[in-house]
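The values are calculated or read from the model by the stated rules, or taken from the named source; none is laboratory data. Everything numeric here is computed off the predicted structure, so don't read it as measured data. FYI the Cβ positions are ideal-geometry reconstructions off the backbone, even for glycines, and counts take in every protein chain you see.
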Amino acid sequence: MREKIIAGNWKMNTSFDEASELTGEIVRRSESIDNVSIVLFPPATHFAGISQLLSSSRIEFGAQNVHWEDAGAYTGELSTSMLIAAGCRWVIAGHSERRQYFGETDRTVNMRAAKALEAGLRPIVCIGETLEEREAGNTFEVLKRQLSTGLKSLSLKGRGGLVIAYEPIWAIGTGKTATPEQAEEAHRFIRNCILETHGKSSASETVIQYGGSVNDKNASELLSRENIDGALVGGASLNADKFMSIIQASSQQS
Ligand code: PGA
């Protein structure tokens, strides 16, 4: 059976006190859940405190971005060794907000993910189409291009390795979710692409998360689909009740 992973991407939200309270609640309320991996992506300024709060828990945390060089004149960037020293086990690569506002391309996503894997960090590589691309009937073409460049030369070792998040851009932060059918169709397509490029065991073991307005109401239905192995949650991950409902929904899937 594939891993189930629920991740909370807090983006540029939370004061340190809010982040600590939220983390404490999630730790306390997820103690009895042992069949879902939980990952938090707080702002980097909170790493030290979050690391302490998570020290005796199964919950892991990571960074919302990572650079491909070891060190150097890259103002505003963080290296894998810095993140590892701060306790991170995960990074997000190629979130659509990075692509949209900060010039991230499939090639830089590939470089960031490659460096993360080399350093022993688990990358969540985000892909997804815009509304115009979907309406023009180009969704699969876009996903295929993002995968072929984004995952180029990367090893997908399945369990414990790289994770893919399918996040249709039109569903992020908009309250519009892909229907479970639309999401499952895209996830099945992504798994088939992996089958072609990386072979059978990578295809069957790679975790593919759905992201885009996942909440306490729609999580169960999305997560019940065969190829949807978890969720990358933005807005709803800032609320302990909602985030815990999503984790529970994942835990209850057989
Ligand atoms: P959202 O964000 O859940 O607020 O739509 C998802 C994401 O950006 O990963």
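Quick notes
- Glu129 being of a type in the set (Asp, Glu), in contact with a strand residue (DSSP E or B) (Cβ under 7 Å, 6 or more places away or on another chain) and modelled with pLDDT of 95 or more: no
- Elements of the type helices (runs of 4 or more DSSP H) sitting completely within segment 78-184 and holding at least 1 residues that are more than 16 Å from the ligand (Cβ to nearest atom): these cover 80-85, 106-119, 131-135, 139-150.
- Of all residues in segment 42-52, none satisfies being loosely packed, with under 15 Cβ neighbours inside 10 Å, in contact with a Ser or Thr (Cβ under 9 Å, 6 or more places away or on another chain), hydroxyl-bearing (Ser, Thr, Tyr) and modelled with pLDDT of 95 or more.
- Residues of segment 64-81 classified as over 24 Å from Ile169 (Cβ atoms) and either in contact with a helix residue (DSSP H, G or I) (Cβ under 9 Å, 6 or more places away or on another chain) or not aliphatic (A, V, I, L, M) (or both), total: 10
- Positions within segment 234-254 being hydroxyl-bearing (Ser, Thr, Tyr) and surrounded by fewer than 20 Cβ atoms within 10 Å (Cβ to Cβ), in sequence order: Ser245, Ser251, Ser254
- Residues considered: Ile26, Ile5. Of these, the only one that is closer than 27 Å to Ser220 by Cα, crowded, with 19+ Cβ neighbours inside 10 Å and within 14 Å of the chain's Cα centre (by Cα) is Ile5.
- Complete set of residues in segment 218-251 that are among the basic types (Lys, Arg) and within 14 Å of Leu22 (Cβ to Cβ): Lys242
- Criterion violated by Ser202 - all others in (1) closer than 27 Å to Arg89 by Cα; (2) within 16 Å of the ligand (Cβ to nearest atom); (3) part of a helix (DSSP H, G or I); (4) not basic (Lys, Arg) satisfied: (2)
- Members of segment 211-233 that are buried (at least 24 other Cβ atoms within 10 Å of the Cβ), within 6 Å of the ligand (Cβ to nearest atom) and in a loop (DSSP other than H, G, I, E, B): Gly212, Val214
- Criterion: under 30 Å from Asn110 (Cβ atoms) and either in contact with a strand residue (DSSP E or B) (Cβ under 8 Å, 6 or more places away or on another chain) or among the polar types (S, T, N, Q) (or both) - qualifying residue of Ala71, Ala7: Ala7
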